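J.: The structure's right below; bear with me while I get my questions together.
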Amino acid sequence: PHWACGGWVNRALEMPNVRRVSVWGCGNFELAFPSRLFANRRALRAGTLEVHAWAERQKPSVRRRFNCMTRENWRERFEQFAASLAGQDVYVTVDMDCLVEHEAITNWENGLYTAEDIAWALKLLRTRAKVIAGDLCGAWSEPSYARWFQRFAGNWDHPKLPAVDPARAKEVNRATLSTIWPALVGE
């Protein structure tokens with residue numbers, strides 16, 4: 001949706017050099033009704049925005065509408081996706097909330113990928129496309145709001161998660177970073 005944390009994607013799609021944005025591994029409420037009413041439907045119809053969501057996290061109607069992937073078929077689908085990028089310049093963003101809970105502590109719901117899954121995907125992508133840049137974001141941080149509306153929106157939009165030990169979050173996330181970062185930068 002335009003108002004969600006991934007709203008930056010809509011702004012990126014307005015840039016002349018961005019041909020397509022592909023989101024892999026989402027599985028949150030944004031694809032379900034009524035949240036999907038706020039989606040960038042024009043980009044979805046045009047194919048400039050692709051959503052590859054986890055079937056395991058969706059209702060049957062959403063699974064059909066978005067042709068969701070599963071733990072069993074996501075690698076095959078990603079191989080096809082990577083092949084479609086042959087020779088193209090690619091920017092990669094890895095959001096740590098795509099990772100399983102024991103491999104990433106974030107401020108959001110965790111996904112179903114392992115760090116090894118992401119490293120595999122990045123290495124494969126590098127064999128097909130030219131990764132010109134990338135980033136790794138989404139590690140846990142202490143919520144801090146400058147204005148009351150930000151606090152309200154943050155409390156409304158964020159899932160209710162257990163308290164986080166900052167030292168443990170740093171330790172878990174650094175261990176995961178040590179697996180993903182070398183694949184992202186091409187080491």
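J.: Considering every residue within the stretch 100-121, establish whether at least one is under 17 Å from the mean Cα position of the chain (by Cα) and at positive phi.
T.: Taking every residue of the stretch 100-121 in turn, none turns out to be under 17 Å from the mean Cα position of the chain (by Cα) and at positive phi.
J.: Can you name the number of the only condition in (1) on the phi > 0 side of the Ramachandran plot; (2) modelled with pLDDT of 90 or more; (3) open to solvent by 50 Å² or more (accessible area, probe 1.4 Å) that Gly47 fails?
T.: Gly47 satisfies all of (1) on the phi > 0 side of the Ramachandran plot; (2) modelled with pLDDT of 90 or more; (3) open to solvent by 50 Å² or more (accessible area, probe 1.4 Å) except (3).
J.: Looking for something under 26 Å from Leu13 (Cβ atoms), out of contact with any helix residue (DSSP H, G or I) (no Cβ under 9 Å at 6 or more places or on another chain) and small (Gly, Ala, Ser) - is there at least one such residue anywhere in the stretch 116-135?
T.: Among the residues of the stretch 116-135, at least one is under 26 Å from Leu13 (Cβ atoms), out of contact with any helix residue (DSSP H, G or I) (no Cβ under 9 Å at 6 or more places or on another chain) and small (Gly, Ala, Ser), which makes the answer yes.
J.: Cβ contacts < 9 Å: first residue without any contact (Cβ under 8 Å) to a residue 60 or more places away in the chain, restricted to the stretch 83-95; second residue open to solvent by less than 60 Å² (accessible area, probe 1.4 Å) and among the acidic types (Asp, Glu), any location; separation 6+ or different chain. Result?
T.: Taking only residues 6 or more apart or on different chains, the pairs are Tyr91/Asp135; Thr93/Asp135.
J.: If Met15 passes every condition in (1) open to solvent by less than 20 Å² (accessible area, probe 1.4 Å); (2) under 28 Å from Gln88 (Cβ atoms) but one, which one does it miss?
T.: (1)
J.: Working only within the stretch 30-77, note down all residues that are touching a Pro at 6+ places or on another chain (Cβ under 8 Å) and within 15 Å of Cys98 (Cα to Cα).
T.: If the condition is that a residue be touching a Pro at 6+ places or on another chain (Cβ under 8 Å) and within 15 Å of Cys98 (Cα to Cα), then Glu30 is the only one that fits.
J.: Give the residues of the stretch 18-44 that are exposed (fewer than 15 other Cβ atoms within 10 Å of the Cβ) and among the hydrophobic types (A, V, I, L, M, F, W, C), sorted by residue number.
T.: Passing the criteria: Val18, Ala32, Phe33, Leu37, Phe38, Leu44.
J.: How many residues are among the hydroxyl-bearing types (Ser, Thr, Tyr), buried (at least 17 other Cβ atoms within 10 Å of the Cβ) and over 18 Å from Val9 (Cβ atoms) when one looks only at the stretch 80-103?
T.: Number of matching residues: 0.
J.: Now for a separate question. Sort out which residues of the stretch 54-76 are touching a strand residue (DSSP E or B) at 6+ places or on another chain (Cβ under 9 Å) and at pLDDT below 90, and write them in order of number.
T.: Arg57, Val62, Arg63, Phe66, Asn67
J.: Residues of the stretch 104-132 being modelled with pLDDT of 95 or more and open to solvent by 30 Å² or more (accessible area, probe 1.4 Å), which ones?
T.: Residues satisfying the conditions are Thr114, Glu116, Trp120, Lys123, Arg126, Thr127, Arg128, Lys130, Ile132.
J.: Where residues in the stretch 133-161 are touching a Phe, Trp or Tyr at 6+ places or on another chain (Cβ under 8 Å) and loosely packed, with under 13 Cβ neighbours inside 10 Å, which of them is nearest to Gly186 (Cα to Cα)?
T.: Ala133
J.: Can you pull out every residue in the stretch 52-63 that is outside any helix (DSSP H, G or I) and surrounded by fewer than 18 Cβ atoms within 10 Å (Cβ to Cβ)?
T.: Residues satisfying the conditions are His52, Lys59.
The values are calculated or read from the model by the stated rules, or taken from the named source; none is laboratory data. Small disclaimer: the values here were computed from a predicted structure and weren't measured. Glycine gets a Cβ as well: all are built from the backbone with ideal geometry, and neighbour counts include every protein chain shown. With ligands, DNA and RNA removed, areas are computed over all heavy atoms of the protein, side chains included. Shrake-Rupley method; radii C 1.70, N 1.55, O 1.52, S 1.80 Å.
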